[in-house]
Amino acid sequence: MIQHMKEFLLSQGYQFLPSNLPEILVYYRNHNNRMEVIHIMNPNDKIEITPQQALQIKNKILQLFNQRGYSNISILTLVFRGHLPWTRMLAQEDDCCWILDEQEQRLLIYENQKPCFYEIKEQLENLLQSEKEVQGLPDSLKSNQKVSSKKNIVLKYKNRKTKITDGITVLNILLFLACILTGDILYNFGAINAIRFFYFHEYYRIITAMFLHGDIQHLVGNMLMFFFLGEIVETKLGFLKYLTLYLVSGVCGGVLSMAYSTYLQTFTDSIGASGAIFGVIGALLWMVLKNKGKVESITLGKIMFLAIYSLYSGFISTNVDNAAHIGGFIAGFIIAAALYRKNIQPDQKEEKLHGNES
């Protein structure tokens, strides 16, 4: 059960904070500028932790995140082996402490407890129900069922971290299919150029143009890059900040595109998500710099190569709006600098959680 719990939390975007006590597990995620911490206690017969010590450990976790500059912190304590006699005492002292009864495969939340913790209650109950169903199977089927259940849990919750990226990708694909069916109608309505924007005051076009693509190569090239890079940035920023980054970068790319076309007196129509996507690249560059050269699998060398190669490809190609690329990239970098807050790095030695000695 504890192993499935670890996998579930990691699939939800939580990161592991090392401890010198194997009975104490701490997982955290910075979500929408709020630090959400799951404090798991899994005591055994050799280790006795009193309710007072448990509260001291929780306070130390709070102090650790406070020292790292976080003020909006929520901590949920999950206690395994709910039959222990002191769990009820702990729940009376701590108003955010839930009990996981492994014998009955159920979640116990006493009357004085907070009944919810950022939508995790229902997910935990589903996890426990899956465990309960596995226990009722014959031994010959348990192994395969456990593997299947574990995969289903990971797949079920993994995409919940990237609602904006997935939604924008699907929207772009659907609009492209609509363009195929309707000819030039959507292009005439949604493409942007300086004359329509500044002289006819059709300001909506700066948004609609971001969701239109001229051909399948244009769509696939943009969406592949966006789908993989956007997942990382959205996970780090959260839904609202990420959506703001995407839209504002796209708008800034469109403004610079129109300004440049006005300077050249070309006034050509422009469409595509490139400005917004280059904003995602710019944001990822800032995140890599803030995290000492690496964010997940993205290193400084990789993101620099991607940015330079993408800009260079635009300059040597025809019918590419390089001004939108540059405007979106600069905007994304600046917006990330304003909105992104570096997560605690669990692999740093000084940030390891140490248990209280008694």
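Where a number appears in this text, it was derived from the coordinates with a stated rule and is not lab data. These numbers come from a predicted model, not from an experiment. Cβ sites come from the backbone with ideal geometry, for glycine too, and all protein chains shown count toward neighbours.
A few points about this structure:
- Footprinting exposure proxy for 207, 75 (fewest neighbouring C-beta atoms within 10 Å first): 207, 75
- Vicinal HN-Hα couplings computed from phi for region 303-312 (Karplus, 6.51 cos²θ - 1.76 cosθ + 1.60; Hz; Gly/Pro x): 6, 5, 4, 4, 5, 5, 5, 5, 5, 4
- For the pair residue 196 and residue 170, the difference between a 0.36 nm per residue extended length and the Cα-Cα distance amounts to 6.6 nm.
- Per-residue Cβ neighbour rank within 10 angstrom, fewest leading, 210, 258: 258, 210
- Fewest-first ranking of 201, 31, 39, using other Cβ atoms within 10 Å as the exposure measure: 201, 31, 39
- Vicinal HN-Hα couplings computed from phi for region 66-75 (Karplus, 6.51 cos²θ - 1.76 cosθ + 1.60; Hz; Gly/Pro x): 4, 5, 8, x, 9, 10, 8, 10, 10, 10
- Residues whose amide H falls under 5 Å from that of residue 15, counting only those 5 or more places apart or on a different chain, are 28, 29, with hydrogens built in the peptide plane.
- Net lengthening on full extension, residue 74/residue 23 (0.36 nm per residue, minus Cα-Cα): 16.3 nm
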